Every structure is written in C-alpha cells, then in structure tokens.
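Right, one structure below, let's go through it.
Derivation of every value follows stated rules applied to the coordinates shown; laboratory data play no part. Model, not experiment: these values are computed from the prediction. Please note: Cβ atoms are built from the backbone with ideal geometry, for glycine as well, and neighbour counts cover all protein chains shown.
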Amino acid sequence: MATPRILSGIKPTGQLHIGNYFGMMRPAIDWQERGEAYYFIADYHALTSVHDPQAIREYSRGVALDFLACGLDPAKAVLFRQSDVPQVTELTWILSCVAPMPMLENCHAYKDHLARKQEEPALHGLFAYPVLMAADILLYDSNIVPVGRDQKQHVEVTRDLAEKMNRIFGKILIVPEASIRAEVETIPGLDGRKMSKSYGNTAPLFDEEKSLKKKIMGIVTDSTPVEAPKDPASSSIVQLYRLFASPAEVAVMEEQFRGGGVGYGDFKKRLFGAIWDYFAPMRTRRAELESDGGYVNRVLREGAERAGAVAEKTMARVRSAVGLR
Ligand code: TYM
C-alpha cells in the first residue's frame, strides 16, 4: 500500500469522553502523520438518537473543537461534517440494495434495542445505521479505520458489503480494515462497564474541574475497608490511571493496592489529578480556538470541499457501475 487513506468518525451526541479519546481520537491523530486522513462528525448518525436541532449543532461544533484541541491538524487531516457531503446518503441507498436483512438484524445496536424490550419500537435509522457507516467508509476509498472495539462489527459489515458490491459490479470499492489498539480497545466507565454516553458513566474530556472531580470520586468500588489489601487487576481506578500516569507511578499505586492501608478515595484523588494535568494543554488550546469565532467554520468548510471532491469521484464510478448513468 503506497499512502494509506485513513478514515473515522464520531457522533455528536454529547460531550466527548476519555473512551473516545483513547479508543479513537488519539490513534486517529497519530495516523494523520502516516497517510491521508479523513475524520468527520457523524451528524447523520446522531439523528438516530438526538431530535433537537440546536443540540446537534452545538455538539457538532463541540466535537470539532475537541478534536482540534487534542491535536488534529487541518493541514494534515481533512476534518468535515458528514452531512456536508450528502453523496453518502446516495451510496447508503445503493448499498442497502445489496445488504441482507439478517446481517443487519445481527448488528449489536439493533439487537440491544430489542433485548431491552423498550416500549419505543426500533427506528429504521437505528436498523440501517451500519449501512450508512459502510457508506462513510467506502465513499472515501478508505484503507484503514481507527476505532474502538465496539465498532469492529460495523467495519466487518462494511467489508462484507464492499466484497459483495465488487462481486456483482466489478472491482469498484476498496475493502477496508479496522485498526483497533488492543490496550485501549474498551476504556471502562465510572461504573466499570464500557465508558459510553448512553450509559451515563463518562468522564468528559473538557468538563469543569469540580464536575469532573465529582465524577471521578463517584467511581464505583467494592466495600473493602481502608486497611485491607485490594486487587489492582480488577480495579477500574488502576485501569484508568494507567492511561495517564508513568509506569513507575502505576507500580506505586498497584503496590499500595496490594499492601492495604490506603483507601479508594485517595486513589481516586490521585487519578483525578493525573487526568486534570494530562488535559491541561488541550484545555488551553481549546479556549484559544474557541475565542477565534470563525476558525471552526473555516476548517469545516474547507474540509467539506476536500472530502466532497473525493466523494464525487467514487460516486461517479459507482453510479456508472450499477447502471445509473
Ligand atoms: P462513537 O461516536 O460512539 O464513538 C467514537 C469512537 O470512540 C470509540 N469509543 C471507545 N473506544 C474505547 N473505549 C470506549 N469506552 C469507547 N467509547 C467510544 C468508538 O469505538 C469510536 O471509534 N458509529 C460510530 C461513528 C461512525 C464511524 C463511521 C466510525 C460513523 N461512521 C465510519 C468509523 C467509520 C460511533 O457511533 O462512534
């Protein structure tokens, strides 16, 4: 592979959190040095769960600011809003016409919805979500898709759809690969389950100090008393601390877990301090970017143009292959 094309997206459904950061944003920012990177704000996807126009706009702007503050460089990576390149919905339809129902019925977001036996019926958008995601990836001829573990199934669906299209219509689509970093594939949340906006168990990247501290101090622990030894291997405090502290600092915490005599509250305070310090330069950068009123819009406008040009090329090829032109 000469220069790989890298692509990934984030849904603007709330504040981004440290699961998003380590699972996807950090790897994506590293990839911008090694290929042609395209990263987008998945606002069409957000419509499956957010039906408040003002919120979609605010969260979208927030995602762009967060990503830029964390190190996405618009000179190296193309940052754009998914809906600024509406060809993706056209490709979604074409892929839908080869996408088997059972494959989509097996996808986890839809299955989870059914399993929770909610009163609200599943929406078609939720069911069709993986096809839109496949269109995102295939529209930009992507080779590599950096994501957290929870998106692996969606990249597999994308591969299946690309292969099927290629079998039927000739080799028109690139078959992509997920890139998942094993050590950060699933960052735990405050309650020990996967950190996720939909579980309400997140530590946001750019929270207020007091609010973040309260969340970290609220990490769920067992009732082992202060004096008693504790198991570092099963503690999400240690798992999270490892993301922010040096190996020597982690070793000290692990030792103190095993030795007893230090309470969970102390460990949580140390974790909070490490998180707060880690994101200090990003907080400063974010405030700077935010004070330049037009910056985000300029980046997104330029991103939309660059992404749109690639998308149009792919669509011309696909339309012609399937018989639409
Ligand atoms: P989203 O917005 O839920 O999450 C964005 C990225 O963050 C990763 N992530 C995590 N990684 C590790 N541990 C966690 N606790 C954690 N929580 C979230 C996710 O795996 C993801 O990589 N469907 C996608 C958005 C999307 C997309 C795409 C991604 C739409 N089209 C095309 C790649 C390619 C989503 O909802 O991500």
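Summing -39500 (n - 2.57) over the DSSP H runs of n ≥ 4 in the chain and dividing by its residue number, what mean residue ellipticity at 222 nm do you reach, to the nearest 500 deg cm²/dmol?
Details: 14 runs with 170 residues, N = 325.
One gets -16500 deg cm²/dmol as the mean residue ellipticity at 222 nm.
Considering amide H positions built from the backbone, and no H for Pro or chain starts, which residues 5 or more places from Glu177, or on another chain, come under 5 Å of its amide H?
Ile144, Val145
Where does helix 53-69 land angle-wise versus the long Cα axis of the chain, in degrees 0 to 90, nearest 10?
Relative to the chain, helix 53-69 is tipped by roughly 70 degrees.
Show me the trypsin sites (Lys or Arg not before Pro) within region 1-86 that DSSP assigns to loop and that have at most 13 other Cβ atoms within 10 Å of their Cβ.
Sparse-neighbourhood loop trypsin sites (Lys or Arg not before Pro): Arg34.
Select from region 166-249 those GluC sites (Glu not before Pro) which occupy a DSSP coil region and have at most 10 other Cβ atoms within 10 Å, ordered by residue number.
When the GluC sites (Glu not before Pro) of region 166-249 are filtered for loop state and at most 10 Cβ neighbours within 10 Å, Glu208, Glu227 remain.
Can you give me the Cα centroid spacing of region 27-73 and region 155-192 in angstrom?
That distance is 19 Å.
Positive end of the charge dipole of the chain (Lys, Arg +1 and Asp, Glu -1 on Cβ, about the Cα centre): tell me which of Ala28, Val184, Gly259 has its Cα farthest that way.
Ala28
Is there a quick way to get the dipole size of region 1-135? I mean about its Cα centre, with the Cβ of Lys and Arg at +1 and of Asp and Glu at -1; what is the value in debye to the nearest 20?
On the way: 11 positive and 14 negative charges, 37 e Å.
My answer is approximately 180 debye.
Can you give the charge dipole size of the chain about its Cα centre, rounded to the nearest 20 debye, using +1 on the beta carbon of Lys and Arg and -1 on the beta carbon of Asp and Glu?
420 debye
Taking the Cα centre of region 207-278 as origin, work out the dipole magnitude from +1 charges on Lys and Arg Cβ and -1 charges on Asp and Glu Cβ, in debye rounded to 20.
On the way: 10 positive and 11 negative charges, 34 e Å.
Magnitude of the dipole: close to 160 debye.
Could you name the aspartates and glutamates in cross-link range of Lys76, using Cα to Cα under 14 Å and dropping any fewer than eight places away on the same chain?
Asp30, Glu33, Glu36, Glu302
From the residues Gly218, Leu324, Val98, which one has its Cα farthest along the dipole of the chain in the positive direction, the dipole being from +1 and -1 charges on Cβ of Lys/Arg and Asp/Glu about the Cα centre?
Checking the options against the dipole of the chain, the answer is Leu324.
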